[in-house]
Amino acid sequence: MKNEAKQPKNPSKNPHGLAAKVVRGSGSHVAEQGSVYRSGVSAESVGSSMLWLGMISLPAGRRTKAHRHEGHETALLMTAGQEIEIWSGPELERCELVHAGDYLFIPAGVPHVAVNRSTESAEFLGARNDPAANESVVLMPELDNIVP
């Protein structure tokens, strides 16, 4: 069976042309904070107004810059890789380990740094309530030297 969009039998019942949309995987970009993003659902890809969904990678031996997401929450599921460290809090005083299969929630406005000290890339499925592919990030260089 071909994967083709079929037109509704009665277009007047769908006056705005609203329908489900399939988004094919696309290229990636390095976000301002240093992780690698592959957008799926976003304002740019489907016209989303409240949601971004995509894949996020943190390559082996890398870390993000200290940052916060001022206006949005982020939810992540680690899908592959060894453990990574998530440092968070006003002075990055809290460190938790995240493993494949773990979920991670980052509230809006919380400073954080992700560190991958392993030899494997860490992969995540991520969602946030900011639909832009290039999310609003506030870098916090004054905190960068806190995390060892």
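The values are calculated or read from the model by the stated rules, or taken from the named source; none is laboratory data. A quick note: this is a predicted structure, and the numbers were derived from the prediction, not measured. Cβ: placed from backbone, ideal geometry, glycine included. Neighbour counts: every protein chain shown. Ligands, DNA and RNA are excluded from the accessible area calculation, which covers all protein heavy atoms including side chains. Shrake-Rupley method; radii C 1.70, N 1.55, O 1.52, S 1.80 Å.
Take VAL46 and tell me if it is among the hydrophobic types (A, V, I, L, M, F, W, C), closer than 24 Å to HIS29 by Cβ and touching a residue at least 60 places away in the same chain (Cβ under 8 Å).
Values: among the hydrophobic types (A, V, I, L, M, F, W, C): yes; closer than 24 Å to HIS29 by Cβ: yes; touching a residue at least 60 places away in the same chain (Cβ under 8 Å): no.
Considered against the rule, which asks whether it is among the hydrophobic types (A, V, I, L, M, F, W, C), closer than 24 Å to HIS29 by Cβ and touching a residue at least 60 places away in the same chain (Cβ under 8 Å), VAL46 comes out as no.
If you filter the range 76-90 down to residues that are open to solvent by less than 40 Å² (accessible area, probe 1.4 Å) and part of a loop (DSSP other than H, G, I, E, B), you find that the one that is farthest from LEU58 (Cα to Cα) is GLY89.
Condition check for GLU93 on (1) open to solvent by less than 60 Å² (accessible area, probe 1.4 Å); (2) more than 15 Å from the chain's Cα centre (by Cα); (3) of a type outside the set (Val, Ile, Thr): one failure, at (1). Being over 13 Å from the mean Cα position of the chain (by Cα), over 30 Å from VAL22 (Cα atoms) and exposed (fewer than 15 other Cβ atoms within 10 Å of the Cβ), is that true of even one residue in the range 54-68? Yes - at least one qualifying residue is present in the range 54-68.
Between ASN134, ASN129, the distinction of being out of contact with any Asp or Glu (no Cβ under 6 Å at 6 or more places or on another chain), under 27 Å from ARG24 (Cα atoms), polar (S, T, N, Q) and open to solvent by 50 Å² or more (accessible area, probe 1.4 Å) belongs to ASN134 only.
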